[in-house]
Amino acid sequence: MVQQETASRPPLPALLTGIGGLVTVVAALLPWHALSVQPSFLQGLTQGALFTQDVAGTQGTDGKIALVGGIVLIVAAVVMLMSPSERVYRTLAIVAIVVAGIVAAIVLVDIVGGKSIFKSFFRKSVHSFAEQKTGGLFSPSNSQIDELRNLLGVTLELKAGIIVALIADLVALVGGVLALTMKRRPAVSAGPSTSGQP
């Protein structure tokens, strides 16, 4: 009996990439932020915030990028599991690393600097509204706008969806890295039998 050894790829990298991509897609549809309004002059008169609105990830550019990135990761993982050629496999691993890394970086920036971004957005919105209503005759300063925001109690808080998206992308990133670094494992397959006398 002659046995031929072939090498098979471990499924773990592709599974991590696919699971990370799938969870990223789901997380992108979940709330990433909660916008609430609790005017300081109404404190004690109302229980909790006067107004609260959850903002799904896909309602912003960051969430839409995460959604598309998650789909790309899922497709890459499926193809990786189909045992493509070494060149295609490594290319998909690199794609997974790049996509997961970019999405994770975008989500991380949103987590760390989301409140600053919202603060800047609120300022621009009030500036634009004031200029449109007064024909450009009045433009409040940033400090005045900040005082208005504090008076109205307008805040932006993080929700679980954005944290889940970050973790999922990191998992997919690990999957891509493992796909490039893990060696094939040997698998033994039986070949044709030979017999005879010398």
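Can you give the log10 of the normalised intensity I(q)/I(0) at q = 0.09, 0.19, 0.23 Å⁻¹, computed with Debye over equal Cα scatterers of the range 42-164? Taking Cα atoms of the range 42-164 as identical point scatterers yields -0.45, -1.09, -1.26. How many percent of the alpha carbon pairs in the range 55-114 exceed a separation of 14 Å? More than 14 Å apart: 58 percent of the Cα pairs in the range 55-114. With neighbour counts taken as other beta-carbon atoms within 10 Å, the residues Ser116, Ser83 rank, fewest first, as Ser116, Ser83. Bridging of Lys159 to aspartates and glutamates at a Cα separation below 16 Å is possible for Asp54, Asp62, Asp110, once same-chain residues fewer than 8 apart are set aside. Charge tally around Thr24: other residues with Cβ under 15 Å, Lys/Arg +1 each, Asp/Glu -1 each, net -2.
Every read-out reported here was derived from the displayed coordinates using simple, explicitly stated rules and does not represent laboratory data. The structure displayed is predicted, hence computed values, not measured ones. Cβ atoms come from the backbone with ideal geometry, glycine included; neighbour counts cover every protein chain shown.
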